[in-house]
C-alpha cells in the first residue's frame, strides 16, 4: 500500500488521544463529545469517514450515535441488529473486521440515506470493557484495500482509550431517554398473574420502584424550582440530611446491631468533605442555583467512582446518588424534609447486594422482586430475617414497569399482579388476615418436642441477625444450632474490629442465656463476596478460597474473630464454636489449634474468656463421609449443612436453572452419605444435627429421624410447623422407612417410595 502521508503508528495515535481529558472537559454535551471523538479519530487515521455505533439494550440494536463522512441525518435513525452486516458481526464477536472491497462483499450493508455506497474499505473494531459490550467504532475510505495491520492496531487502541468515556456517555443518554416524556409505546408487560419463585415468604401490595445500580446522577437539566432556593435553604437542607442520616443510623443500631452505624459512613464523610459540600456552597455564592450546584458536584463525584477499576469503589456511586437525592429532596420539599424515595415500595431489581437491602429497609420497603436471574443465598437469608417478601421472576421486562404502578406480590405461592383489580386485592388481603391469625395461633409450642412414640427431638434455631433471637425464644427454640457470623462482614464497608464483633456476639449469648449457642466462624467466598476485600476473581469460586480456607489463609482476620467469640462466651454454659467447609482432619486440627492459641494469648492478657467451648464442624463435603470415624475422635459435635452437601456430592449449582433439576436431596448417594455420617457420629457418642434446608422440609423429616438425627436447626419461622410434623411421626416407622429408601438404587425409585400413599398417610402427609 502506498503511503498517504497519514499518521499510521498506533503509538502516535495513543499519545495524541492522551488529550482525552481536554476533549471531555471542552465538549458542550454528550452528543458533542461523541461527534468530536469521531472527528479526532478520522483526522489521526486520515480516513474519509468515522462513525460510532452504540448498543441499545432495550431494543437489542446498534444505533448510529455519531459520524463524520456519512450523512448526519442518519444519526439515531440508522439501526442494526447484533450480527447484522460487518458492524453487527464485529460487535457480536468482539473481534475486528476489515473489508477491502465493499462492492463484492455480501455483508456490506449500504443505506441510501447515509451516502455510504461510495466507500470501499471498511475497518470495524468493537468498543467494550471486558465482557461488557458498548458498541463499535468504524472507519471507512473511498479507495479499496486501504487498511493494514497498523491501522487495525491504531483503531483498537483508540477504542480502548475511548471505551470508558463512551460507556458513560451511553449511560447518560440512556438516563436522559428514560427520564424524558415519550409518545413511543412502552414494552408490553405480562398480563394476568406472573409466576415467580419464592425466596422469602410474605405478602405485599404497594407502588413499585425500579432499582438500577451504578447509574450516575443525571445532570442534563436544571431541577425545577431552582430559582426559588437560596444558600440558606441549601445549608438547612444539609443539616436536615445529616439529621435524617443520624435517625437512620440510630434505627439500624437498634434493629440491626450487626450493621452498627457503618451503612451511612460514605454519606457522612461526604457531608463533612470541603471538596463536596464546600464546592457546592461556593458555586451557589457565585450565582449557580443550589439544586444545580448539588447536581453538578455530585455528578463529578459519581463519575469518579464509576470510572474506578475496582467494583467496591464503583459501588460508592450509589452512595453519592442516595445522598444527592436526599439533599435535593430536602431543598425541594423544605417543609417536608422527611419524605423518602422508595418509601413503602415494592422494589424491582436485577441485582442487589446485602448493603442494598439494608438501605431499602431504611425506606420501609414492602417487598422485592428480582428479575433476569438468580439471587444469592445471603440475599434470601437476609430478606427472610428482615421479613421482606422476595420473589424471583425470570421476566426482565418487569424492569420496564412504570414508576408508582400498583403491584401485588404473593410470596407464599409465587405470583405477581401488575395493576391488580380491587376484587383481587380484597381477596388477597382477606386471605392474608386469615393467615396471620392462624400463624399466631400455631405459635404456641408447649414444652419439649417429642415424636409420636415419645422420643425427644431438639429443635434449634438458625440465627442470621440478632433481631431473630426474640422470635426464637418465643417459639421455644432449645438453643442456637447455627449463628451465621458473616453478616457483620457482608453488610459493612470494612472488616469489623474485635470489639465490634465482641459486642454482637455478647448480645447473642446474653439473650440466649442458659441455652446452647453454636457460633459458626466466618463463611465467605463463593457467592458470599466481601466487596471491600477486593480479592482477584476466581474461575470456580465455589471451589476456591472460601469458608475455613479463607480464615486459615487470613490469620489476622481469623484470630480477631476467635478472640471475639471466646471473650463474648465468657460465663456461657453451653458455648460452641463450629468451623465451616472442613475437608480433612488436618484442616480441623489446624483450626482447633488456632482456637487454643487464642486462648493462650487471652490468658496472658488477663482478659475474661470461655476456656472450655465445644469445638465442632460442619459436614458439607463428600470427602468427609469415609473419614467420619477419625473426625469423631477429635470433634466435639457435627452439623450437616445439607445444601452444600448435596451441591458438592452431585456437582450441581441449584441456582443455575439449566441444571437445577439435577439437584436432588433424595439421590441415593446423598441419602447413603447422610446415613454413614450420622452412624459414625452416633457410634462415637457425638452430637449430630442437620441445619440445612432438609431439616424443615416435611418430605425428608422421616428419613432424617430414621437414620438417628435428633437435633434439627432451622430458621425460627419454621419451628411451629416442624414441631407439629415431628409429633406425628413414630421413630419405629421412620427407621423402617429409612431402611427402604437406603436400599433403592435409582432416584426415580426413591421418589416413588416417598410418594407412596401408605407412607404419606403413616407420617401424616396424606
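The values are calculated or read from the model by the stated rules, or taken from the named source; none is laboratory data. Note that the structure is a prediction, hence the values are computed from the model and not measured. Reconstructed Cβ throughout: ideal geometry from the backbone, glycine too, with neighbour counts over all protein chains shown.
Listed values, structure above:
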{"quantity": "Odd one out for residue 561, checked against (1) free of Cβ contacts under 8 Å to residues at least 60 places away in the same chain; (2) part of a helix (DSSP H, G or I); (3) in contact with a helix residue (DSSP H, G or I) (Cβ under 9 Å, 6 or more places away or on another chain)", "calculated": "(1)"}
{"quantity": "Sole exception among (1) farther than 16 Å from residue 246 by Cα; (2) at pLDDT below 75 for residue 363, by number", "calculated": "(1)"}
{"quantity": "Filter result for residue 82 (at positive phi, within 34 Å of the chain's Cα centre (by Cα) and surrounded by fewer than 23 Cβ atoms within 10 Å (Cβ to Cβ))", "calculated": "no"}
{"quantity": "Sole residue being touching a strand residue (DSSP E or B) at 6+ places or on another chain (Cβ under 7 Å) and either over 30 Å from residue 537 (Cβ atoms) or at pLDDT below 75 (or both), chosen from 149, 99, 113, 117", "calculated": "99"}
{"quantity": "Neighbours by Cβ (under 6 Å, 6+ apart or cross-chain): first from region 228-247, assigned by TED's automatic domain parsing to the domain that holds residue 293; second surrounded by 14 or more Cβ atoms within 10 Å (Cβ to Cβ) and not in a helix (DSSP H, G or I)", "calculated": "240/337"}
{"quantity": "Residues being at pLDDT below 75 and closer than 28 Å to residue 418 by Cα - total across region 317-360", "calculated": "12"}
{"quantity": "Qualifying residue in region 442-458 (condition: under 31 Å from the mean Cα position of the chain (by Cα), at pLDDT 90 or above and surrounded by 21 or more Cβ atoms within 10 Å (Cβ to Cβ))", "calculated": "no"}
{"quantity": "Failed criterion for residue 672 (all others in (1) under 17 Å from residue 481 (Cβ atoms); (2) modelled with pLDDT of 95 or more hold)", "calculated": "(1)"}
{"quantity": "Selection status of residue 268, under 21 Å from the mean Cα position of the chain (by Cα), in a helix (DSSP H, G or I) and either at pLDDT below 70 or closer than 29 Å to residue 208 by Cα (or both)", "calculated": "no"}
{"quantity": "In region 507-535, residue surrounded by the fewest Cβ atoms within 10 Å (Cβ to Cβ) [restricted to those that are out of contact with any helix residue (DSSP H, G or I) (no Cβ under 7 Å at 6 or more places or on another chain) and modelled with pLDDT of 90 or more]", "calculated": "510"}
{"quantity": "Condition check for residue 551: buried (at least 21 other Cβ atoms within 10 Å of the Cβ) and within 17 Å of residue 501 (Cβ to Cβ)", "calculated": "yes"}
{"quantity": "Given (1) surrounded by 23 or more Cβ atoms within 10 Å (Cβ to Cβ); (2) in a helix (DSSP H, G or I), index of the condition residue 471 fails", "calculated": "(1)"}
{"quantity": "Sole exception among (1) modelled with pLDDT under 85; (2) not in a helix (DSSP H, G or I) for residue 158, by number", "calculated": "(2)"}
{"quantity": "Test result for residue 727, under 30 Å from residue 465 (Cα atoms), surrounded by fewer than 21 Cβ atoms within 10 Å (Cβ to Cβ), touching a residue at least 40 places away in the same chain (Cβ under 8 Å) and out of contact with any helix residue (DSSP H, G or I) (no Cβ under 8 Å at 6 or more places or on another chain)", "calculated": "yes"}
{"quantity": "Count of residues meeting criterion [modelled with pLDDT of 90 or more and surrounded by fewer than 18 Cβ atoms within 10 Å (Cβ to Cβ)] in region 403-418", "calculated": "2"}
